[in-house]
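Heads up: the structure comes next, in structure tokens.
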Amino acid sequence: MTNHEPFASGQKALVIGCGLGDDAEAIASLGFEVTAFDISPTAIAWCQER
């Protein structure tokens, strides 16, 4: 994603099956408002601790 033109502010992204949140965190660092979810309660608990 860093090889493309800069993104407009206020863009949103949805991460389905976010696991531990690595992808969601990387996308958020690019300025996106991120919504991420996973069906694994353990993965969500770890992600929330980050």
Original post:
For segment 36-50, what are the residues that are free of Cβ contacts under 8 Å to residues at least 24 places away in the same chain and open to solvent by 80 Å² or more (accessible area, probe 1.4 Å)?
Top reply: 37, 39, 41, 48, 49
Subject >> Residues of segment 12-35 that turn out to be open to solvent by less than 40 Å² (accessible area, probe 1.4 Å), among the small types (Gly, Ala, Ser) and not in a helix (DSSP H, G or I), as a count >> reply: 3
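The values are calculated or read from the model by the stated rules, or taken from the named source; none is laboratory data. Only a predicted model underlies this, so the values are computations on that prediction, with no experimental measurement involved. Methodologically, a virtual Cβ is constructed for each residue, glycine included, from the backbone with ideal geometry; neighbour enumeration extends over all protein chains shown. For accessibility, only protein heavy atoms count, side chains too; no ligands or nucleic acids. Shrake-Rupley method; radii C 1.70, N 1.55, O 1.52, S 1.80 Å.
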